[in-house]
Amino acid sequence: MSIVRRAFRALGTLCFPPHCEACRVSVGVGEYLCPDCALDVQRIVPPFCERCSQPFDGAITQTFTCSNCAEREVHFECAVAACMSRGVVRDFIHAFKYNHRLHLRHPLAAWLAEALDDRRIAARPFDAFVPVPLHHVRFREREFNQAEELANLLSQRTGIPVWRDIRRTRYTSTQTKLDRAERMENLREAFRVRHTARVKDRHLVLVDDVFTTGSTVEECSRVLLRAGAASVRVVTVARG
Ligand SMILES: [Zn+2]
Ligand SMILES: [Zn+2]
């Protein structure tokens, strides 16, 4: 870091001392949550579905697949999320995405990095991160693609490139009120692969902020595999 940048950062810290993003008490430099609020983060711990990481209540020691994944054709190998989308995690994602609190990408990327450490991702190398795309109309409204911002930070940490190889060709209405079948229908032909030659025979990791029903990452995985990708795994900050 240059001397000038370092001086600016020091000045910034002096004028705006770091505080917990949830309750505003002071925290150390580079921290976003105080120890109390950090306790509010619900990590996803076993037992959970091997495929989609849906947590399962109860004592189960062997790997299992949830009924959701057993009943449908799933194209991604696994979808790994670090946290449940609740409390401060959900608030951070919301503030990052809709209130332009771009600095929150740092704690979100730190949680994503935890997902990369999961054995389902860490056990086998991959060639690139592929962010879930936004339609250009929505991109213009929001001015950034949250998935791409997060993928860029993961790339900085790991040295693995980001390939923006999926394009969203159809503007889909908001999915939040639809059930899974309606979501899949709504997403039909919504994505295209941009560089089929590049993804061919490659192992890819899709990146998104949150996994809700999984319809979006499922459709992205399907088009990547159809374009010749060797495998698609998914990482998200959180899971609904
Ligand atoms: Zn706090
Ligand atoms: Zn599952």
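The values are calculated or read from the model by the stated rules, or taken from the named source; none is laboratory data. No experiment lies behind these values; they were computed from the predicted model shown. Using ideal geometry, Cβ is built from the backbone for each residue, glycine included, and neighbour counts are taken over all protein chains shown. Side chains included, ligands, DNA and RNA excluded: accessible areas come from the protein's heavy atoms. Shrake-Rupley method; radii C 1.70, N 1.55, O 1.52, S 1.80 Å.
Applying a threshold of 8 Å to beta carbon distances and a minimum spacing of six or more residues, or different chains, the list of pairs starting in the stretch 97-125 at a residue that is closer than 15 Å to Arg142 by Cβ and ending at one that is open to solvent by 30 Å² or more (accessible area, probe 1.4 Å) and aromatic (Phe, Trp, Tyr) reads Leu104/Tyr32.
Between a first residue in the stretch 137-155 that is in contact (Cβ under 8 Å) with a residue 40 or more places away in the chain and open to solvent by 10 Å² or more (accessible area, probe 1.4 Å) and a second residue that is part of a helix (DSSP H, G or I) and among the hydrophobic types (A, V, I, L, M, F, W, C), which pairs have beta carbons less than 6 Å apart while being 6 or more apart in sequence or on different chains? Every condition considered, the pairs that remain are Leu153/Ala109. Remark: pairs (first residue in the stretch 36-57, away from ligand 2 (no atom under 16 Å from the Cβ); second residue open to solvent by 90 Å² or more (accessible area, probe 1.4 Å); Cβ separation under 6 Å; 6+ apart in sequence or on different chains) = Gln42/Arg86. Picking from residues in the stretch 16-66 that are within 16 Å of ligand 1 (Cβ to nearest atom) and aliphatic (A, V, I, L, M), the one that is nearest to Phe92 (Cα to Cα) is Ala22. Within the option set Trp163, Trp111, being surrounded by 14 or more Cβ atoms within 10 Å (Cβ to Cβ) and closer than 20 Å to Arg239 by Cβ holds for one residue only, Trp111. Just to verify a result, which residue in the stretch 67-102, among those that are within 16 Å of ligand 1 (Cβ to nearest atom) and open to solvent by 30 Å² or more (accessible area, probe 1.4 Å), is nearest to the chain's Cα centre (by Cα)? The selected residue is Arg90.
Just the residues that are of a type outside the set (A, V, I, L, M) and either buried (at least 17 other Cβ atoms within 10 Å of the Cβ) or touching a residue at least 40 places away in the same chain (Cβ under 8 Å) (or both), please, taken from the stretch 199-219. Once the filter is applied, which keeps residues that are of a type outside the set (A, V, I, L, M) and either buried (at least 17 other Cβ atoms within 10 Å of the Cβ) or touching a residue at least 40 places away in the same chain (Cβ under 8 Å) (or both), the stretch 199-219 yields Arg202, His203, Asp208, Asp209, Phe211, Thr212, Thr213, Gly214, Ser215, Thr216, Glu218, Glu219. Is there a residue in the stretch 168-176 that is touching a residue at least 12 places away in the same chain (Cβ under 8 Å), open to solvent by less than 20 Å² (accessible area, probe 1.4 Å) and touching a Leu at 6+ places or on another chain (Cβ under 9 Å)? Looking through the stretch 168-176, at least one residue is touching a residue at least 12 places away in the same chain (Cβ under 8 Å), open to solvent by less than 20 Å² (accessible area, probe 1.4 Å) and touching a Leu at 6+ places or on another chain (Cβ under 9 Å).
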